[in-house]
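Here's the structure we're looking at; comments come further down.
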Amino acid sequence: MRSWFMGELQTDPRATYGDLQALDAWRPSEQLAALATPVCAISGAENADASGSAEALAGALSNAELISIEKAGHLIPVEQPDALAVAITSFLEGLEK
């Protein structure tokens, strides 16, 4: 933790400022509405913040499927790898039809 924190202190503040400016300028409802590519938005059911973000993402896209993985939070590949694999496989198989 100390090593990570010290690394963060070395980050040029201009990089952080640029990141924050980009986040402020991003308008997902406007920019994502034109995307027609099928998208699978996956979130952990135990992560309320990410679930809301996944719902917003899926709602902004014209061709999105929203999948919630039970008994998972932020680290779905670690917490529920089999359920994640099933969800992704199912989504991809649906694209083949």
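Tallying residues that are surrounded by fewer than 10 Cβ atoms within 10 Å (Cβ to Cβ) and in a loop (DSSP other than H, G, I, E, B) within segment 1-25 yields 3.
How many residues, within segment 73-83, are open to solvent by 70 Å² or more (accessible area, probe 1.4 Å) and either among the hydroxyl-bearing types (Ser, Thr, Tyr) or in contact with a Leu (Cβ under 9 Å, 6 or more places away or on another chain) (or both)?
First pass over segment 73-83, keeping only residues open to solvent by 70 Å² or more (accessible area, probe 1.4 Å): 74-75, 77-79, 82.
Imposing the further condition that a residue be either among the hydroxyl-bearing types (Ser, Thr, Tyr) or in contact with a Leu (Cβ under 9 Å, 6 or more places away or on another chain) (or both) reduces the set to 77.
Adding up the residues that qualify gives 1.
For segment 26-40, the tally of residues that are open to solvent by less than 60 Å² (accessible area, probe 1.4 Å) and either part of a helix (DSSP H, G or I) or β-branched (Val, Ile, Thr) (or both) stands at 3. Selection of first residues in segment 20-46 that are closer than 28 Å to residue 81 by Cβ and of second residues that are open to solvent by less than 90 Å² (accessible area, probe 1.4 Å) and not aliphatic (A, V, I, L, M), restricted to Cβ pairs under 6 Å at least 6 apart or on distinct chains, gives the following pairs, ordered by first then second residue: 38/63; 40/65; 40/91; 43/51; 43/68; 44/73; 45/68; 46/73.
Does residue 86 satisfy being among the aliphatic types (A, V, I, L, M), surrounded by 13 or more Cβ atoms within 10 Å (Cβ to Cβ) and in a helix (DSSP H, G or I)? It is true that residue 86 is among the aliphatic types (A, V, I, L, M), surrounded by 13 or more Cβ atoms within 10 Å (Cβ to Cβ) and in a helix (DSSP H, G or I). Annotation: of all residues in segment 41-72 being open to solvent by less than 40 Å² (accessible area, probe 1.4 Å), assigned to a loop (DSSP other than H, G, I, E, B) and modelled with pLDDT under 90, the one that is nearest to residue 28 (Cα to Cα) is 61.
For (1) within 23 Å of residue 36 (Cβ to Cβ); (2) touching a helix residue (DSSP H, G or I) at 6+ places or on another chain (Cβ under 9 Å), each residue gets a yes or a no:
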residue: 58; (1), (2): yes, no
residue: 61; (1), (2): yes, yes
residue: 64; (1), (2): yes, yes
residue: 78; (1), (2): no, no
residue: 97; (1), (2): yes, no
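The values are calculated or read from the model by the stated rules, or taken from the named source; none is laboratory data. Predicted model, so just to flag it, every value in this text is computed and none were measured. A quick note on method: Cβ atoms are made from the backbone with ideal geometry, for glycine too, and the neighbour counts reach across all protein chains shown. What goes into the accessible areas is simple: the full protein's heavy atoms, side chains included, and nothing from ligands, DNA or RNA. Shrake-Rupley method; radii C 1.70, N 1.55, O 1.52, S 1.80 Å.
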